[in-house]
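These notes concern the structure reproduced below.
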Amino acid sequence: MSPWYVIVIFWSVYLLQFAPELGKNIGQEALLIFFGAQCFLLMEYVLHRWLFHGEHSWMEFVPHNKYFYLIHFMIHGIHHAFPQDRYRLVMPPTLGYFYIMVLFKWTMFELLVPAHLMPAWMTGFVTGYLFYDLTHYFLHHSNPPEGSYFKMMKLYHMQHHYKNGEEGFGITSKIWDRVFDTEITNDYSTHVKK
């Protein structure tokens, strides 16, 4: 259980380590930061759909074990059970660090991104993560202006929670729902003033 600002503090301190390495090639670094952030926004969809909502995919192939199911529930199921609990909306720093470092940096990124480009790439990736986590919190605990992008995404995400948990996995954007054909297509736009 983490308040939203703990995430900002933790990851800001993490990002500070890259500051001395940045500023050598601003154009290249800006592109790497941009694409690193976009990479996380794809991972947002991938993790949400196939890891957090794995009950209709990979979980069918693992042994039925109450402890395993409890861990899965504690990672994401509890968020669906209590979607307005403000302490369960952002990922605790230790779990977020595990996901980012073990699943991504120490596996894929160390193989794909040259070491001298890693500071800019990780700055973008972690910034994308922060954007996702804070957007998720904002969607649950704000009342965005009518007709705004965030109002549309709030309505979209609430449909994922309350009407159709097998679609609408995008939090910051619907783009990957469109690509993977999981976009919630019923007309929620009637709730948004034009």
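The values are calculated or read from the model by the stated rules, or taken from the named source; none is laboratory data. Keep in mind that this is a model prediction, so the values were computed, not measured. With ideal geometry, Cβ positions are generated from the backbone for all residues, glycine too; neighbour counts draw on all protein chains shown.
Tell me which residues, restricted to the stretch 98-109, are without any contact (Cβ under 8 Å) to a residue 12 or more places away in the chain and either among the β-branched types (Val, Ile, Thr) or surrounded by 12 or more Cβ atoms within 10 Å (Cβ to Cβ) (or both).
Within the stretch 98-109, Phe98, Met101, Val102, Leu103, Thr107, Met108 meet the criteria.
Restricting attention to the stretch 7-56, report how many residues are under 18 Å from Thr94 (Cα atoms) and surrounded by fewer than 14 Cβ atoms within 10 Å (Cβ to Cβ).
Count: 5.
Taking the criterion of being in contact with a Leu (Cβ under 9 Å, 6 or more places away or on another chain), modelled with pLDDT under 90 and among the acidic types (Asp, Glu), would at least one residue in the stretch 132-147 satisfy it?
yes
Hey, which of the helices (runs of 4 or more DSSP H) in the stretch 101-194, taking only ones fully inside, have at least 2 residues that are within 13 Å of the chain's Cα centre (by Cα)?
Where helices (runs of 4 or more DSSP H) fall fully within the stretch 101-194 and carry at least 2 residues being within 13 Å of the chain's Cα centre (by Cα), they are 118-140.
Against the definition (under 15 Å from the mean Cα position of the chain (by Cα), farther than 22 Å from Gly165 by Cβ and modelled with pLDDT of 80 or more), how does Tyr67 come out, yes or no?
Judged against the criteria, Tyr67 is not a match.
So for the stretch 162-170 (the condition being in contact with a helix residue (DSSP H, G or I) (Cβ under 9 Å, 6 or more places away or on another chain) and under 16 Å from Asp85 (Cα atoms)), does at least one residue qualify?
No, the stretch 162-170 contains no residue that is in contact with a helix residue (DSSP H, G or I) (Cβ under 9 Å, 6 or more places away or on another chain) and under 16 Å from Asp85 (Cα atoms).
Taking the conditions exactly as written (at pLDDT 90 or above and of a type outside the set (A, V, I, L, M)), does Thr182 satisfy them or not?
Against the criterion (at pLDDT 90 or above and of a type outside the set (A, V, I, L, M)), Thr182 qualifies.
Determine if the stretch 66-73 includes at least one residue that is hydroxyl-bearing (Ser, Thr, Tyr) and loosely packed, with under 11 Cβ neighbours inside 10 Å.
Yes, the stretch 66-73 has at least one match.
List pairs: first residue in the stretch 150-161 and under 16 Å from Ile175 (Cα atoms) and in contact (Cβ under 8 Å) with a residue 40 or more places away in the chain, second residue in a helix (DSSP H, G or I) and small (Gly, Ala, Ser) anywhere in the structure, Cβ distance under 8 angstrom, at least six positions apart or on different chains.
Partner pairs satisfying both residue conditions: Met152/Ser189.
One line per residue, one yes/no per condition, for (1) under 17 Å from the mean Cα position of the chain (by Cα); (2) within 24 Å of His141 (Cα to Cα):
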{"residue": "Pro3", "(1), (2)": "yes, yes"}
{"residue": "Tyr14", "(1), (2)": "no, no"}
{"residue": "Phe18", "(1), (2)": "no, no"}
{"residue": "Leu31", "(1), (2)": "no, no"}
{"residue": "Phe34", "(1), (2)": "yes, no"}
{"residue": "Cys39", "(1), (2)": "yes, no"}
{"residue": "Tyr45", "(1), (2)": "yes, yes"}
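Could you list, in sequence order, the residues of the stretch 19-60 that are polar (S, T, N, Q) and within 16 Å of Met108 (Cα to Cα)?
Of everything in the stretch 19-60, just one residue is polar (S, T, N, Q) and within 16 Å of Met108 (Cα to Cα), namely Gln38.
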